[in-house]
Structures are given as structure tokens and as C-alpha cells.
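Below is one structure; the comments refer to it alone.
Each value in this text was obtained by applying a stated rule to the coordinates, not by laboratory testing. Note that the structure is predicted; figures quoted are calculated from it, not measured. For neighbour counting, all protein chains shown are included, and Cβ atoms are generated from backbone atoms with ideal geometry for every residue, glycine included.
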């Protein structure tokens, strides 16, 4: 019988705390690697243990600073490949550049495809990601992609809160499927916000489809970036008679004025996951509550390592 390859998990510097939590769940130590920068800013990497023939998982969300973290991920995977690892899996809890997934205007790149090509060229044998902004990104590469969803983590928290007269709200037409899945699991109603984008990071709420008057509304999305869409959605729900308004999202990018907008908004609470580490101002915001996806990722890593089905985690 063939001996199982050793499981080793390496961490980039983007989110070491998440990697530690994953390793705690799996009851294994984090792999030894030294990451540093030359004086001109170039990344340097040195793996400090034998990884020959190992099943390697490199954990690195490509969150801000996006380009630095992406480059470090590529360098780490190249080091793993050149150290004769049996297999290298890129564990990317937050996949940056995912919003640039098509040519929606003339003469623009499809950057999500470019990033997938870079990851493959760097030596990845497969990718493990959480809540890709566009599901078709799985088809941008010829290596396997395990696409996990953080919905079970968020749904469990919403159940615990026991919110009355609950309505799940999609902030746009593209998020209807996600909101419907939440509503089905929670036995809640469904509403949709019809919005029109007037420019980059700028939206104008047009109409609300569904009954929200007298209800507790939870706006469900995958990413909170500048929070402009979310805050305008909350304002519209309040104008339509919603009694309580919360938000649930997977990736707390929270760039620019996001935290200030959330603090001044009518949102009661914003529930997010730790696919991205919260910045200091977000940690200090009493409205933001962060849940962990470490167990979800840890279980997926274990099943991939043991060649077991991961499909039960895709819900």
C-alpha cells in the first residue's frame, strides 16, 4: 500500500492568524518558511524544512495590499514546486481581481483570467477558494478548483440571533441566488434591490422588489468594499419601513471610507468572516462582527489531502 504523502501547510504574511486557526483545527504545526523583503521591496522566500514529496497547501488571501500579497503567493508556490513537493494547492480565501472577470467595456483586460494563469504557471496543482465573486472563474484555469461557500457559517450565526419577521435582501440582481439560498435555509422572505451603477464604486438605488415593511432585513453580499452599495441599500430599506437592518457578507475588504460609512449608517450589525483580516479601524467598529472560516477550510484541506469528497462543504 502506498504511503500517504505528508500534509504541510505554509502561510504567507497576508493572514497568518487564519492559517494558525486552520492548523489548530487539523492539530498540525504550521510549516516553516521565512518571508522577507529586500531593501527595494522585492519579496524573498526560504522554506526551512524538507517538503520533498509532500502535499503542500499555501494559505494566502490576495487582500490589500493586493499586488504584494499576490506576488508573495506566486513566489511561495514557485519555491514549493522547485523544492520537489508532490502537489501544491493554493488556498485563497479571498480571490483578488475576481471582479474583473469579463470585458464589460472596450479595451479592458480580463484580470481574473490573468491571475489564474499566473497561479498555474507558478506551480499550483489546484486552487481552494471561498465565495468567488464570479463562479465562472473556476473555468479560467485548467487545474481543479474547489469552490467553498461561507454560507453555513453565516446562516448558523443568523439562526443563533433568532431575528423576528426575517427577510433576506439581495443588494442587486446578481446576488439573488445567494439571498434565495439564505432565505430557504432560514425560512425567511426574500427581497431584491434594483440598482443602477452610475460610476466606479457609485450606485443609485432605484426600487425594492418584495415586502420589507415591518420586517427585520438582512442584506446579503459576498464583498463589502467601500460600503457605498450596502449603506444605500440600508437607507432604502429603512425608508420602506424595515424595523431592523443588518448585513451579512463573506469578504470584509472595507476599503477607503467603508468603516466610517458603516458607523454612521442605520445598520444594526454587519456580520463578516475572516477570509480577510480586519484593519484596525474595523476591529474598533462595534457594528462589525467577524466569524471564522478556519474549520471550513481545515476540513476541506483534510478531505483534499485524503482524496475524499469535498462536495458536502459546497453548500
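With respect to the conditions (1) within 27 Å of residue 136 (Cβ to Cβ); (2) without any contact (Cβ under 8 Å) to a residue 40 or more places away in the chain, residue 83 falls short on a single one, namely (1). Just one of the numbered conditions (1) farther than 26 Å from residue 251 by Cα; (2) surrounded by fewer than 17 Cβ atoms within 10 Å (Cβ to Cβ) is not true of residue 51: (2). Within region 79-97, the set of residues being in contact with a strand residue (DSSP E or B) (Cβ under 9 Å, 6 or more places away or on another chain), farther than 12 Å from residue 10 by Cβ and surrounded by fewer than 22 Cβ atoms within 10 Å (Cβ to Cβ) comprises 81, 86, 87.
Residues in region 286-293: is at least one buried (at least 18 other Cβ atoms within 10 Å of the Cβ), part of a strand (DSSP E or B), in contact (Cβ under 8 Å) with a residue 24 or more places away in the chain and in contact with a strand residue (DSSP E or B) (Cβ under 7 Å, 6 or more places away or on another chain)? Within region 286-293, one or more residues are buried (at least 18 other Cβ atoms within 10 Å of the Cβ), part of a strand (DSSP E or B), in contact (Cβ under 8 Å) with a residue 24 or more places away in the chain and in contact with a strand residue (DSSP E or B) (Cβ under 7 Å, 6 or more places away or on another chain). Evaluate region 62-73: report whether one residue or more is without any contact (Cβ under 8 Å) to a residue 60 or more places away in the chain, touching a helix residue (DSSP H, G or I) at 6+ places or on another chain (Cβ under 7 Å) and either surrounded by fewer than 18 Cβ atoms within 10 Å (Cβ to Cβ) or in a strand (DSSP E or B) (or both). There is no residue in region 62-73 that is without any contact (Cβ under 8 Å) to a residue 60 or more places away in the chain, touching a helix residue (DSSP H, G or I) at 6+ places or on another chain (Cβ under 7 Å) and either surrounded by fewer than 18 Cβ atoms within 10 Å (Cβ to Cβ) or in a strand (DSSP E or B) (or both).
Consider residue 235 carefully, then state whether it is out of contact with any helix residue (DSSP H, G or I) (no Cβ under 9 Å at 6 or more places or on another chain) and outside any loop (DSSP other than H, G, I, E, B). Here the answer is yes, as residue 235 does meet what is asked.
When residue 28 is tested against (1) touching a strand residue (DSSP E or B) at 6+ places or on another chain (Cβ under 6 Å); (2) under 16 Å from residue 305 (Cα atoms), only condition (1) is not met. Counting only strands (runs of 3 or more DSSP E) that sit completely within region 106-224, those holding 1 or more residues that are within 19 Å of the chain's Cα centre (by Cα) and buried (at least 20 other Cβ atoms within 10 Å of the Cβ) correspond to 126-130, 145-148, 166-170, 216-224.
Within region 123-153, the residues that satisfy the criterion of being closer than 13 Å to residue 300 by Cα and free of Cβ contacts under 8 Å to residues at least 60 places away in the same chain are 127, 129, 145. The requirement of being at positive phi and in contact (Cβ under 8 Å) with a residue 24 or more places away in the chain is satisfied by residue 53.
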